[in-house]
Structure formats: C-alpha cells, structure tokens
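The values are calculated or read from the model by the stated rules, or taken from the named source; none is laboratory data. Nothing here was measured: the structure is a model prediction, and the numbers come from that model. Here the Cβ is made from the backbone with ideal geometry for all residues, glycine too, and neighbour counts use every protein chain on show.
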Amino acid sequence: MNQKSIDFNNRLIKNVISIIKTFQLLEKNEANHIFFKQIVRSSSSIGANFQESQVSQSKKEFIAKLNISLKEANETLYWLELTESLNNKNFSANKIESLEIIKILTSIIKTSNKRKTEQI
C-alpha cells in the first residue's frame, strides 16, 4: 500500500471513530440504537472494502471494491442525515467528512476506469 492509500485508510478509521463518538452523545432510545448499528456497519464497511481493494488481483476487482466503498459512504451519509433530522442535532462535521470521502472515492474510481480503458 502506498502512502496516499495508508493516509486515506487512516482517515476512514478516524471517520468511524468520530461517528461513534457523535452517536454516544445522543439520547439512548430504540431508534438511535438501530441507527447506530446501521451507521457503524456502513461506515466501517467503507474502510474494510477500501483495504480489500488494495490487495485486489485485478483492476476489475479493485474498481468493484471501491464501488462498494462508495455505496457504503453514500449509505453512511443517509444514516447521518436521518439521525440528524430525528434528533434535531447538527452532524455537519460528520456529513462534511462523509461527502469528502465520497468525492475521493469517486475520483479514484473515475481515474481507475480511465486507466483501464486506456490499457485496452
């Protein structure tokens, strides 16, 4: 894994930790518990799939894993927005970071697809 990938992976880990800390401040109720489980699952899956992409056996597998990370990042943003609405809380820092992660993943995927096309 190159330094950029290591840095991005560390950023993904910090994002999950930040989301968990944010959720710990919320009222303890059934809805928040359900949302917490979902958002931890989706936000941690971003990093897990990114990590797997780094050891892919092909460009196609690499892009597929990154696409899964992107889908999970979009799901994370959804859960943040839903929880924010129901709790009347501001999760702007978590949402901004999620949007940045989405942009980075989208850029990596576009670049990889472009390189894949150029090789054919």
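Mind checking whether some residue in the range 30-39 is under 16 Å from LEU105 (Cα atoms), in a helix (DSSP H, G or I) and modelled with pLDDT of 95 or more?
Within the range 30-39, not a single residue is under 16 Å from LEU105 (Cα atoms), in a helix (DSSP H, G or I) and modelled with pLDDT of 95 or more.
Give LEU70, LEU77, LEU12 a once-over and let me know the one that is under 11 Å from the mean Cα position of the chain (by Cα), within 21 Å of ARG115 (Cβ to Cβ) and assigned to a helix (DSSP H, G or I). If you could, list the steps in order and put the result at the bottom.
Working: LEU77 fails: within 21 Å of ARG115 (Cβ to Cβ); LEU12 fails: within 21 Å of ARG115 (Cβ to Cβ).
Only one candidate qualifies: LEU70.
Going by the conditions given, is SER56 loosely packed, with under 15 Cβ neighbours inside 10 Å, without any contact (Cβ under 8 Å) to a residue 40 or more places away in the chain and in contact with a helix residue (DSSP H, G or I) (Cβ under 7 Å, 6 or more places away or on another chain)?
It is true that SER56 is loosely packed, with under 15 Cβ neighbours inside 10 Å, without any contact (Cβ under 8 Å) to a residue 40 or more places away in the chain and in contact with a helix residue (DSSP H, G or I) (Cβ under 7 Å, 6 or more places away or on another chain).
State which residue is surrounded by the most Cβ atoms within 10 Å (Cβ to Cβ) when the search covers only the range 72-113 and only residues that are without any contact (Cβ under 8 Å) to a residue 24 or more places away in the chain, within 19 Å of SER5 (Cα to Cα) and of a type outside the set (A, V, I, L, M, F, W, C).
So the residue we want is GLU100.
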